[in-house]
Amino acid sequence: MYDTTAFNLTMMYGLPAVTVPDHIEKGLEKWTPESVEIEINSDRFAQVRNARNTETAEDYTEMIADLIRETGEARAVDLAKHFGVTGPTVNSIIRRLVREGLVESRPYRSIFLTEKGKLLADYCKKRHEIVYNFLIKIGVNEDVAKNDAEGLEHHVSSETLSVFEKFNKT
């Protein structure tokens, strides 16, 4: 008989409580602390993969908003130049963003954000600024902070972001 004691992983790993039978039902013959660790690690990697999958949409909506704000329009050629990619790459990403309801685009026309795209762009801009300002506040060089914030912003949890924001206000 297996111990059915609930192991509270929330405090240790930020995950909900699990019981041994849950793991047995998932195909583990014998529960071990290592088996829980493997599952926890896979959850972490899944979170990272999910963040990577949304990075492009976040970066593109943020850049489209910046281009519209700065020049009055966002064009595929400008996006390609900014991201250092080819026109066909941008077109492929824009088609994906259209399917996701984030942008509107027509051939030979500017690219526009939908309301959903504007909300995402605004959120990403704010998140980027919080991460950047945090890095500056802890003494990171401005150029390094710009580069690091670009990557960190996609992988920071809402809890960590909240702590960064509070720290920035002190």
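The values are calculated or read from the model by the stated rules, or taken from the named source; none is laboratory data. Computed from a predicted model, the values in this text were never measured in an experiment. Cβ atoms come from the backbone with ideal geometry, glycine included; neighbour counts cover every protein chain shown. Keep in mind that these areas ignore ligands, DNA and RNA; they rest on the heavy atoms of the full protein, side chains included. Shrake-Rupley method; radii C 1.70, N 1.55, O 1.52, S 1.80 Å.
Couple of notes before you dig in:
- Overall shape: oblate for region 120-170, with the ratio a/c of the largest to smallest alpha carbon gyration tensor axis at 1.5 or above and b/c at least equal to a/b.
- Leu113 long-range amide H proximity, modeled H, under 5 Å: Glu104
- Cβ-Cβ FRET estimate between Glu142 and Thr86, R0 fixed at 41 Å, reported to 0.05: 0.85
- Modelled spin-label separation between Arg109 and Arg95, with each label point placed 7 Å from Cα along the Cα-to-Cβ direction: 1.8 nm.
- Too-long pairs where the Cα-Cα distance tops 23 Å, listed order kept, from Lys116/Lys146; Lys137/Lys166; Lys81/Lys116; Lys116/Lys169; Lys118/Lys169: Lys116/Lys146; Lys81/Lys116; Lys116/Lys169; Lys118/Lys169
- Contour minus Cα-Cα distance for Asp122 and Glu73 (0.36 nm per residue): 16.0 nm
- Calculated from backbone phi, Karplus (6.51, -1.76, 1.60) coupling profile of region 104-117 in Hz, x at Gly/Pro: 10, 8, 10, x, 6, 10, 5, 9, 10, 7, 6, 4, 4, x
- Backbone phi angles across region 87-101, fed through the Karplus curve with coefficients 6.51, -1.76 and 1.60 (θ = phi - 60°), yield HN-Hα couplings of x, x, 5, 4, 4, 5, 5, 4, 4, 5, 5, 5, 4, 7, x Hz in residue order; Gly and Pro are listed as x.
- Here the accessible area of region 119-164 is 54 percent carbon and sulfur, with a 1.4 angstrom probe and all protein chains present.
- ³J(HN,Hα) computed for each position of region 119-134 - Karplus, 6.51 cos²θ - 1.76 cosθ + 1.60, integer Hz, glycine/proline x: 4, 5, 4, 5, 4, 5, 4, 5, 4, 4, 5, 4, 5, 4, 5, 4
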